[in-house]
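Below is one structure; the comments refer to it alone.
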Ligand code: AMP
């Protein structure tokens with residue numbers, strides 16, 4: 001999608017620190033990390049948020065990418081977050097799974 005920063009990352013039109021690339025999914029380091037390890041996992045195809053993601057197989061690929069990335073980076077304990085909608089803190093409207101690791105996490109999240 002034009003003007004979507006994560007589509008541009010997926011298409012290699014703008015640089016990112018890629019940690020994973022599959023056929024339909026990429027993982028890259030967050031530009032403004034909120035933990036020592038902060039990775040974003042996205043589908044290459046544009047879906048604005050989880051509300052629009054209707055492809056169950058792709059949902060599985062996204063979670064499998066999380067598993068492969070954390071395994072490769074030898075991360076045993078981590079938090080995954082999907083912010084959906086403005087009130088939940090979503091700022092980039094191309095669905096992404098945050099992987100946060102390397103520090104203690106609080107619950108409930110703010
Ligand atoms: P969210 O608030 O869930 O929409 O998260 C968006 C995330 O994207 C934030 O953590 C940003 O730091 C991150 N972000 C925005 N632009 C980039 C970029 N060009 N490369 C990597 N991460 C980015």
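Counting every Cα pair in the range 5-101, what percent are over 19 Å apart? Present the calculation step by step, with values, prior to reporting the outcome.
Numbers: 1658 of 4656 pairs.
For the range 5-101, the share of Cα pairs beyond 19 Å comes to 36 percent.
What is the spin-label model distance, in nm, from residue 87 to residue 4 if the labels are put 7 Å beyond Cα along the C-beta direction?
2.4 nm
In whole Å, what are the Cα extents of the range 1-45 along the three principal axes, biggest one first?
The principal-axis extents, from largest down, are 30, 22, 13 Å.
How big is the range 50-104 along each principal axis, measuring the range of its Cα positions in Å and listing the largest first?
31, 27, 12
Any idea what the relative contact order of the chain is, in percent, if you count C-alpha pairs under 8 Å spaced at least 6 apart? Before the final figure, lay out each step's value.
Details: 159 pairs, mean separation 33.3, N = 110.
Here the relative contact order equals 30 percent.
Every number here is computed from the coordinates shown, using simple stated rules; none is lab data. A quick note: this is a predicted structure, and the numbers were derived from the prediction, not measured. All Cβ positions, glycine included, derive from the backbone under ideal geometry; neighbour counts span all protein chains shown.
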